[in-house]
Amino acid sequence: MIIIPGTDLYLGLSGAHGKADPLPENALFLDQIHGNRVVANPAGGERADGMIIERGCGIPALRVADCLPVFAVWDDFTGAAHAGWRGLAGGIIENLIVAVNSQLRWLILGPCICGDCYSVGDEVREAVMAGDPSGARGHLQGKVDLRGSVLRRVRQLCGETFQLINIDECTLESKNLHSFRGDKTVERNFLWLAEIEQGEHIRQLNVETECNSPERRKN
Ligand SMILES: [Zn+2]
C-alpha cells in the first residue's frame, strides 16, 4: 500500500507472493482489450482500457501482467489506464490525460515489464515509437520501454506540473509479481487507487444518483 502524499488516497497492489493488500469488493475493473477508449464513471465491465471517476464515486482498478498500470489524480477525479504496446500506440495515455480538463496532480506508474526485458518485433517497436516524443532514442534496439514512453507522453501534454510515483519494478524479473511473458500465466497483478476510508463511504453512497454526472449519462 502506497499512500499518495497530500491526498486521502492510497495505491493498493495484489501480486503473487506476499504482496497482497486487501482488494476492496467494490473496485471497478474494465473489460480490458488493449484499446484506447477511456470511459467516465464506469459501472465496471465496460470494454475499455481507461477510466476517469469522480472523486469518492468509485475505485479505479486494473489487472495486468507485464503491461503498465497507470493511475492519475486530479483535484476532482481519479483515473486509470492499462498501457501495453497496442494501447500506447493507439493513444490510450493521451486519451486519459485529456479526459479531465484540469491540472494533473499525480501520475502513478506501477510495475511492468522493463525496457531491457521487453523484446518485440520491428512493427511493434515502430508503432510505439510513432507517438513517443523521443522516438527511437527512448527504446533499446529490438525492445520497447513502456514506462519511459508513458512518462514522456504525459510530460509532452502536462510539462513538469505533476508529481510522480514510479514503482520501477519489472514484472518479469520480480518473483513477487505475475508476468505473462515470464510464466505464460493467466494470473494477474491487481492495482487500485482508493480513498483510505473509501470502503465505508461507498456503502453509504447511492452511486446511481450521487454519481450521475453528465459523462455517465452519455455512456
Ligand atoms: Zn526486466
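The values are calculated or read from the model by the stated rules, or taken from the named source; none is laboratory data. These numbers were taken from a predicted model, which means no experiment stands behind them. For neighbour counting, all protein chains shown are included, and Cβ atoms are generated from backbone atoms with ideal geometry for every residue, glycine included.
For the condition over 13 Å from the mean Cα position of the chain (by Cα), within 16 Å of the ligand (Cβ to nearest atom) and either modelled with pLDDT of 95 or more or crowded, with 17+ Cβ neighbours inside 10 Å (or both), what is the one hit in Leu172, Leu146, Leu157?
On the way: Leu146 fails: over 13 Å from the mean Cα position of the chain (by Cα); Leu157 fails: within 16 Å of the ligand (Cβ to nearest atom).
The match here is Leu172.
Quick check on my filter: what residues within region 1-59 are free of Cβ contacts under 8 Å to residues at least 24 places away in the same chain, of a type in the set (D, E, K, R) and part of a strand (DSSP E or B)?
Matches in region 1-59: Asp31, Arg47.
I need the full set of residues from region 60-75 which are closer than 28 Å to Leu172 by Cα and assigned to a loop (DSSP other than H, G, I, E, B), in order please.
Taking region 60-75 and keeping what is closer than 28 Å to Leu172 by Cα, we get 60-73.
Result: Ala65, Asp66, Cys67.
Do you know which of the residues in region 84-105 that are part of a helix (DSSP H, G or I), away from the ligand (no atom under 16 Å from the Cβ) and not aliphatic (A, V, I, L, M) is nearest to Phe190 (Cα to Cα)?
Here is the first cut: in region 84-105, the ones part of a helix (DSSP H, G or I) are 85-90, 92-98.
Filter again for away from the ligand (no atom under 16 Å from the Cβ), leaving 86-90, 92-98.
Keeping just the survivors that are not aliphatic (A, V, I, L, M) gives 86-87, 90, 94-95.
On the way: Arg86: 20, Gly87: 18, Gly90: 23, Glu94: 23, Asn95: 22 Å.
Across region 84-105, the extreme among qualifying residues is Gly87.
Output the residue which, of all residues in region 29-64 that are of a type in the set (A, V, I, L, M, F, W, C) and farther than 17 Å from Ile92 by Cβ, is surrounded by the most Cβ atoms within 10 Å (Cβ to Cβ). I'd like the intermediate steps shown before the answer.
Taking region 29-64 as the starting set, the residues that turn out to be of a type in the set (A, V, I, L, M, F, W, C) are 29-30, 33, 38-40, 43, 48, 51-53, 57, 59, 61-62, 64.
Now narrow it down to the ones that are farther than 17 Å from Ile92 by Cβ: 43, 57, 59.
On the way: Ala43: 13, Cys57: 20, Ile59: 24.
Only one residue fits best here, namely Ile59.
Can you find even one residue in region 175-185 that is within 16 Å of the ligand (Cβ to nearest atom), over 22 Å from Ile4 (Cβ atoms) and modelled with pLDDT of 95 or more?
No, region 175-185 contains no residue that is within 16 Å of the ligand (Cβ to nearest atom), over 22 Å from Ile4 (Cβ atoms) and modelled with pLDDT of 95 or more.
Kindly indicate whether Thr171 is of a type in the set (Ser, Thr, Tyr), over 14 Å from His34 (Cβ atoms) and in contact with a Ser or Thr (Cβ under 8 Å, 6 or more places away or on another chain). Please lay out each step first, then the result.
Working: of a type in the set (Ser, Thr, Tyr): yes; over 14 Å from His34 (Cβ atoms): yes; in contact with a Ser or Thr (Cβ under 8 Å, 6 or more places away or on another chain): yes.
Yes.
Would you be able to say whether some residue in region 115-130 is away from the ligand (no atom under 14 Å from the Cβ) and in contact with a strand residue (DSSP E or B) (Cβ under 9 Å, 6 or more places away or on another chain)? Please lay out each step first, then the result.
Here is the first cut: in region 115-130, the ones away from the ligand (no atom under 14 Å from the Cβ) are 121-130.
This time we only want the ones that are in contact with a strand residue (DSSP E or B) (Cβ under 9 Å, 6 or more places away or on another chain), so: 125.
Yes, because at least one residue in region 115-130 is away from the ligand (no atom under 14 Å from the Cβ) and in contact with a strand residue (DSSP E or B) (Cβ under 9 Å, 6 or more places away or on another chain).
Which of the residues that make up region 106-165 are of a type in the set (D, E, K, R) and part of a loop (DSSP other than H, G, I, E, B)?
Just the residues of region 106-165 that are of a type in the set (D, E, K, R), to begin with: 116, 122-123, 125-126, 132, 137, 143, 145, 147, 152-153, 155, 160.
Scanning region 106-165 gives Asp116, Asp132, Asp145, Glu160.
With the structure loaded, tell me whether Ile167 is surrounded by fewer than 21 Cβ atoms within 10 Å (Cβ to Cβ) and within 16 Å of the ligand (Cβ to nearest atom) or whether it fails that test. If you could, list the steps in order and put the result at the bottom.
On the way: surrounded by fewer than 21 Cβ atoms within 10 Å (Cβ to Cβ): yes; within 16 Å of the ligand (Cβ to nearest atom): yes.
The answer is yes for Ile167.
Residue by residue through region 106-143, note down the ones that are crowded, with 16+ Cβ neighbours inside 10 Å and either touching a residue at least 60 places away in the same chain (Cβ under 8 Å) or basic (Lys, Arg) (or both).
Within region 106-143, the subset crowded, with 16+ Cβ neighbours inside 10 Å is 106-115, 117-118, 124-125, 127-129, 131-132, 138-139, 143.
Hits for region 106-143 are Trp106, Ile108, Gly110, Pro111, Ile113, Cys117, Tyr118, Arg125, Lys143.
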